[in-house]
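Engineer: One structure, as structure tokens, below. Some questions next.
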Amino acid sequence: MSNLSVIKNLSLHPFYLSYVSREEQQDQELHKFEIFFSNLMGWIPAKKISRKVIQQFSQKIIVHKAALSQLDHKQLVKTFNEALSLLSTVKASYDNVAIAFACIGEAISRVFKIYPHPVQFMGAYILLTGRLAEMPTGEGKTLVAGIAATFMAATGNYVHVLTTNAYLAQRDEEELRPLFEFFHLSSGSINSEMEIPERKQNYQKRICYVSANEIVFDYLKDHISGKGTQPRQIENLRNLSFGQSAAEDMIVPALHFCIVDEADSVFIDEAQTPMVISQEAEGLIEPEVIHWAIAQARQLHPDTDFEIREAEHHIHIEHIPEQKQVALPDAIRPIWYNHAWKILLVQQALTALHLYHKDQQYIIQDNKIQIVDESTGRIMADRSWEQGLHQLIEAKEGVELSKGRDTLAKMTFQRFFRRYLLLSGLTGTGLEVSRELWMIYRLKVCQIPPNIPSKRQQYKHRYFKTNEQKYKAIASHAQAIAHQNRAVLIGTRSIEASESIAEALTNLDIDHIVLNARQDAQEAAIIAEAGHSGKITVATNMAGRGTDIKLRPETKQAGGLHVILTEFHESARIDRQLYGRAGRQGDQGSCVAYVCGTDDLLQQNAKWFVWLLNLIPLIFIQHYLLTLAVKHMQKKCQKRAYRNRIAMFKQDKKLNSQIGFAGKIY
């Protein structure tokens, strides 16, 4: 049985239970003035938790350590449950959660032979109070989430620990399962291969590890079938009649407590497009028209017939020159003779040709177009672009056209996560987006200092005029570092770049291994070897967020992991995540950025700056100018992305109560 009074006493904000049978938060319709004054809190800087406060909290926990170590397993579990029962009646504080945390700490020491650091206990407390904990990379956030999940699950509430992908969900759940079993708590994980009965079984467990995409899709499946959407009174009558609870019938039984790992990636980076469930249908655009649009687009030339706005990821075209017009195929719908519709379709075809590139935004696998997520470097299986773009890319690449799709249900991450009774998050890079996290999700960011100060060294940025020069320099630099018995990680933005660097290394007869979306099946094995002495790993962002590269003792002794960033991203947070693979938990490590004038960030935002850098040969001046310019360009890109997300959020709220042709927008 759930115990919502514990959530109420832990949370810093009140929650309003929805009237539907699933226990979830109700959307609050606030007045404009209430929204305005609430959003003002987003301007307050993120709270920095001092080491003094952390030590004071730690002392309250350590006081119980000696006594708890004398208890046997059964007595320790009983003491833990008794400590939790107190939270049903009083508000949470450092004092009344200390003994429960001490019990979890004692269990961890018995199961894993380690004892949590003070910063890990503080991180878990911040999660339980519905805030976002920013902890530097390498501080053991997996264990922090495990402590908080154990605490909440033992009160009888459902806990969802969300990760950026299924691999991390399965890995983390398997790693922490012995801790959960110690307190007789059931746990499971969800992956894309599971059928609905198995998914139900895992969601019914007290702790469920799942990727953000999977749980949103499962939630939408419930809505499509009408499960969990009926008023609670009606469901109660139904339960009395049929003897089956509503929670047993739903895939996702309740939205009690959620811990989002790599929260800024999920809340911000992945929140730019809504989650859509669709079914195959006869497309609005006939295959003949798709092929015509690509043929027509290939007749047009940039700057002459249309404008490419790469920074905005947009094509602007007003008309098709008469002498370049390709005749429409016979027996098509009359709509395609309309000038406006024709221009819209040609604009999409130009987008497919000039803004979406093979081995960057997508790969061809088994004669199908597979989308690649740039922020994670992973294939987004069973996902497709809307408005005919996916079919246009298929026509461009000469693969079989997939069928069109009709939307059955859609939901944004922003609306879904606001439905949890208690929402929390963990990340190493939340400060830059703290205002947005408050405005959308009502999450305050709390910065926690590292347990041991970082020893990571940042080398000066290196600039080159062409990619060829850059790749050769990276190969030589990686070889020199590897000869020092250190491990090297070369991070790239795309599959294409990773394979170009691999070719440069091969030309110099340098041993290396490549990790990108083509080798996703071997990910665990490749990451396991990446920390060996002299090992050079070339990887996309698959080796970024959430990846813990274990270093061999001899590698640590030689200077640790060296990270080479081959191109700046539009978000500084992604760069920081890659750098964060080195110098973890007080280890030695270093990082450096190698960039060139043809990199997307420079070409799309500051071509004049490339001209200036080409005139300056001195490395230290190039480094200084690059640091300033990249910071300015990334800030500019993130402002643009922020405006897009806020616009989508407002539109989603506006459309929420409307019924569209494809179905309700939940």
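Engineer: Hey, with R₀ at 22 Å, roughly what FRET efficiency would Gln323 and Glu288 work out to, going by the Cβ-Cβ distance, to 0.05?
Structural biologist: 0.45
Engineer: How big is the gap, in Å, between the Cα center of the stretch 288-353 and the Cα center of the stretch 523-592?
Structural biologist: Centre-to-centre (Cα) distance: 44 Å.
Engineer: Would you mind working out the magnitude of the charge dipole of the stretch 455-636 relative to its Cα centre, with +1 at each Lys and Arg C-beta and -1 at each Asp and Glu C-beta, to the nearest 20 Debye?
Structural biologist: 820
Engineer: Continuing with this model, one more query. Work out the P(r) tail for the stretch 455-636: percent of alpha carbon pairs separated by more than 22 Å, whole number.
Structural biologist: Beyond 22 Å sits 42 percent of the P(r) for the stretch 455-636.
Engineer: Additional query: Quote the convex hull volume per residue of the stretch 40-141, based on C-alpha atoms, as a whole number of Å³.
Structural biologist: Enclosed volume per residue, from the Cα hull, is 113 Å³.
Engineer: Using only alpha carbon pairs under 8 Å that are at least six residues apart, calculate the relative contact order of the chain and give it in whole percent.
Structural biologist: RCO, the chain: 16 percent.
Engineer: What are the principal axis extents of the Cα atoms in the stretch 283-402, in Å, biggest first?
Structural biologist: Per principal axis, max minus min of the Cα coordinates gives 43, 33, 19 Å.
Engineer: Can I ask one more? About the Cα centre of the stretch 283-402, what is the dipole size in debye to 20, counting +1 per Lys and Arg Cβ and -1 per Asp and Glu Cβ, all else neutral?
Structural biologist: So the magnitude is around 120 debye.
Engineer: Which Cα, out of Gln370, Pro334, His357, lies furthest along the positive dipole direction of the stretch 283-402 (beta carbon charges, K/R +1, D/E -1)?
Structural biologist: Positive-most Cα among the choices belongs to Pro334.
Engineer: Right, something else. What number, in percent, do you get for the relative contact order of the stretch 455-636 if the mean sequence gap of Cα pairs under 8 Å and at least 6 apart is divided by its residue count?
Structural biologist: After rounding, I find 31 percent.
Engineer: Further question: How far apart, in nm, are the 7 Å Cα→Cβ label points at Lys635 and Arg309?
Structural biologist: For Lys635 paired with Arg309, the spin-label model returns 2.3 nm.
Engineer: Using a basic spin-label model with each label point 7 Å from the Cα along Cα→Cβ, how many nm lie between His623 and His339?
Structural biologist: Computed distance between label sites His623 and His339 equals 5.8 nm.
Engineer: Tell me which DSSP H helices of the chain clear both cut-offs, 27 Å or more of axial length from alpha-carbon atoms and a mean Kyte-Doolittle hydropathy of at least -1.0. Can you show the working numbers first?
Structural biologist: Working: long enough: 619-655 (53 Å, -0.58).
Taking the DSSP H segments of the chain (at least 27 Å long, mean hydropathy at least -1.0), we get 619-655.
Engineer: Bin by bin, in steps of 10 Å, what percent of the Cα pairs in the chain do you find, going until the bin that has the longest distance?
Structural biologist: Final binned percentages: 3, 14, 23, 25, 20, 11, 4, 1, 0.
Engineer: Take the alpha carbon atoms of the stretch 149-189, find their center, do the same for the stretch 424-448, and report the distance between the two centers in whole angstrom.
Structural biologist: When both Cα centres are located, 23 Å separates them.
Engineer: Turning to a different aspect of this structure: For the chain, what does -39500 (n - 2.57) per DSSP helix run (n ≥ 4), summed and divided by total residues, give at 222 nm, in deg cm²/dmol to the nearest 500? The partial results should precede the final answer.
Structural biologist: Numbers: 27 runs with 299 residues, N = 666.
Calculated from helices alone, the mean residue ellipticity at 222 nm is -13500 deg cm²/dmol.
Engineer: Please give the length that would be gained between Thr273 and Asn39 if that part of the chain were fully extended, namely 0.36 nm times their separation in residues minus their C-alpha to C-alpha distance (nm, one decimal).
Structural biologist: Length gained, Thr273 through Asn39: 81.9 nm.
Engineer: Another one. Got the relative contact order for the stretch 53-184 handy, in percent, Cα pairs under 8 Å and 6 or more residues apart? Working shown, then result.
Structural biologist: On the way: 109 pairs, mean separation 31.7, N = 132.
Relative contact order, the stretch 53-184: 24 percent.
Engineer: Working out 0.36 nm times the residue gap between Asn507 and Lys47, then minus their Cα-Cα distance, what length gain in nm do you get to one decimal?
Structural biologist: Computed gain between Asn507 and Lys47 is 160.6 nm.
Engineer: Which pairs in the list Lys141/Lys444; Lys368/Lys396; Lys200/Lys403; Lys607/Lys635 are over 22 Å apart, alpha-carbon to alpha-carbon?
Structural biologist: Too far apart for the 22 Å limit: Lys200/Lys403.
The numbers here are math on the coordinates, done by the rules we state, and not lab data. None of these values were measured; they are calculated from a predicted model. Backbone-built Cβ (ideal geometry, glycine too); neighbour counts: all protein chains shown.
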